[in-house]
Each structure stands twice: as structure tokens, then as C-alpha cells.
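**Q** So that we are looking at the same thing, I have put the structure below in C-alpha cells.
The values are calculated or read from the model by the stated rules, or taken from the named source; none is laboratory data. From a predicted model like this one, the values you see are computed outputs, not experimental measurements. Here the Cβ positions follow ideal geometry from the backbone for every residue, glycine too, while neighbour counts run over all protein chains shown.
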Amino acid sequence: MLLGIVLIAAAAYLLGSIPTGYLLVRIFRHQDIRSVGSGNIGATNVWRGGKGLGAATFFLDVLKGSSAVWLGGFLGALLLPATPFRSAQALAALAAVLGHMFPVWLRFCGGKGVATGFGVFLVSAPWAALAAISLFIIVLVLSRYVSLASILGAASFPAFAWYFHHIQSVGPHPTPFFIAVQCAVAFLIIVKHHQNIRRLIAGTESRFSARKIA
């Protein structure tokens with residue numbers, strides 16, 4: 001059992017740790033994204049130098065998160081048949097988000113986990129993930145603060161997950177570990193935005209524009 005847990009966590013972590021933004025900027029712009037703008041490797045900072053690369057980073061970060069959870073569920077059914085399917089998915093989800101935030105390839109300095117977090121729950125809790133990303137878009141359009149939209153989107157996800165399961169009875173019954181991971185991922189994403197939170201409170205946070213994202 002322990003070996004199965006380690007394999008699922010390791011596989012999901014390695015998938016999540018692929019630094020897509022860093023690699024895309026290195027390949028197509030011959031730059032180190034960590035020396036540009038905020039220094040973050042996520043889609044928001046990559047967007048600075050071009051919408052195409054920013055969109056590609058977001059898509060690939062979502063894809064790696066979704067792939068990690070799919071793989072985690074597959075390995076769970078294969079290696080841990082007695083373990084609830086949702087728990088295997090949850091383990092993979094947490095490991096993938098941690099991989100994105102703390103990639104071994106970049107000395108554990110990664111992104112904030114928004115796109116990867118959306119990806120992991122798009123597979124395991126799709127309705128809640130879509131509701132959270134919808135709130136993200138609404139807040140972004142109204143405020144033009146990417147950070148505020150990310151924080152509120154992440155914070156809302158556990159509530160949406162509870163609503164769709166308990167009120168709408170959508171999807172398989174979540175295990176306690178699955179619920180704990182939902183809350184943990186939301187918390188990690190918010191904590192990763194601590195500098196943005198300080199700037200939002202101080203009124204110095206930069207707003208989204210078509211040409212520049214700070």
C-alpha cells in the first residue's frame with residue numbers, strides 16, 4: 001500500500017512540476033521568465049510578453065493538473081484497489097499542485113497554482129471547478145485584478161464543491177481526505193498570493209490590461 005501511495009504522489013508531483021511557463025519563454029523568447037515582471041512562472045506573468053504564450057501556459061498548466069489526477073485515479077485503481085477512488089485522485093491533486101508551486105527543477109520556486117489547481121479539480125469535481133473559474137472571470141472583468149479574482153476563485157471552490165454534491169447530488173460521494181485536499185489546495189493558492197494581498201490592502205496592486213499584466 002505504501003509503495004502505491006508513493007508512486008501516485010511521485011508521478012503526480014513530477015507532472016505538476018513541469019515548469020511550462022519557464023520552458024515556453026525559454027524556447028520562444030530566449031528569456032528566463034523569473035527575470036521578467038513579477039518573476040513568477042505562471043500564465044499571468046508570461047502574458048506580459050505575449051498573449052499567445054500566456055494562453056499556452058494556462059492551457060498546459062490546466063492540462064498537467066488534469067493529467068495528474070487522471071493518472072492518480074488510474075494508478076489508484078491498479079495499485080490500491082481497496083482505497084477509495086476519490087482518495088487516490090485527491091492524493092494526486094495535492095501532489096500536482098505542490099509540484100507546480102515547488103518544482104524541483106527550479107529550486108522549488110514555482111507558480112501560484114491557479115491554473116494547475118483548476119486542472120486537478122476539473123477532473124475530480126468539474127462542476128465546482130467550472131463555477132469557481134466563472135467567479136474568477138466575473139471578478140476579473142469587474143475589478144481587473146487577476147490576484148483578487150484568483151483568491152476569490154480559490155476560496156469559493158470548497159463551497160461550490162459542497163453545494164454541487166450536497167444540494168445537487170452531483171458526482172460520487174467525496175471522502176474526508178478528498179474534502180481536506182480541496183480545502184488545502186484552496187488555502188495554498190491563497191497563501192501563495194500573500195504579497196498580492198498586501199498590495200491589494202495597500203491599494204498598490206496593478207490591474208490587468210490587454211497589453212500588460214503586473
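**Q** If a residue has to be within 23 Å of ASN196 (Cβ to Cβ), β-branched (Val, Ile, Thr) and surrounded by fewer than 13 Cβ atoms within 10 Å (Cβ to Cβ) to count, how many in the range 1-54 make the cut?
**A** So the count comes out to 0.
**Q** Within the range 82-123, can you find the residues that are more than 22 Å from ILE179 (Cβ to Cβ) and surrounded by fewer than 22 Cβ atoms within 10 Å (Cβ to Cβ)?
**A** The answer is PHE102, PRO103, VAL104, TRP105, LEU106, ARG107, PHE108, CYS109.
**Q** Further question on the same structure: Can you give me the number of residues within the range 173-196 that are surrounded by 21 or more Cβ atoms within 10 Å (Cβ to Cβ) and over 18 Å from SER147 (Cα atoms)?
**A** Of the residues in the range 173-196, 4 are surrounded by 21 or more Cβ atoms within 10 Å (Cβ to Cβ) and over 18 Å from SER147 (Cα atoms).
**Q** Within the range 19-39, can you find the residues that are free of Cβ contacts under 8 Å to residues at least 60 places away in the same chain and either of a type outside the set (A, V, I, L, M) or in contact with an Asp or Glu (Cβ under 9 Å, 6 or more places away or on another chain) (or both)? Talk me through it step by step, then tell me what you get.
**A** Narrowing the range 19-39 to residues free of Cβ contacts under 8 Å to residues at least 60 places away in the same chain: 20, 23-33, 35-36, 39.
Scanning the range 19-39 gives THR20, VAL25, ARG26, PHE28, ARG29, HIS30, GLN31, ASP32, SER35, GLY39.
**Q** Can you find a residue in the range 152-164 that is more than 16 Å from VAL185 (Cα to Cα), out of contact with any Asp or Glu (no Cβ under 8 Å at 6 or more places or on another chain) and not polar (S, T, N, Q)? Walk me through it before giving the result.
**A** Here is the first cut: in the range 152-164, the residues more than 16 Å from VAL185 (Cα to Cα) are 163-164.
Cutting the leftovers down to out of contact with any Asp or Glu (no Cβ under 8 Å at 6 or more places or on another chain) gives us 163-164.
Subset that is not polar (S, T, N, Q): 163-164.
Yes: one or more hits.
**Q** Report yes if LEU3 is among the aliphatic types (A, V, I, L, M), in a helix (DSSP H, G or I) and touching a residue at least 12 places away in the same chain (Cβ under 8 Å), otherwise no.
**A** Working: among the aliphatic types (A, V, I, L, M): yes; in a helix (DSSP H, G or I): yes; touching a residue at least 12 places away in the same chain (Cβ under 8 Å): yes.
In short, yes.
**Q** Please go through (1) at pLDDT below 95; (2) part of a helix (DSSP H, G or I) for VAL170 and return the number of the only condition it doesn't satisfy.
**A** For VAL170, the failing item is (2).
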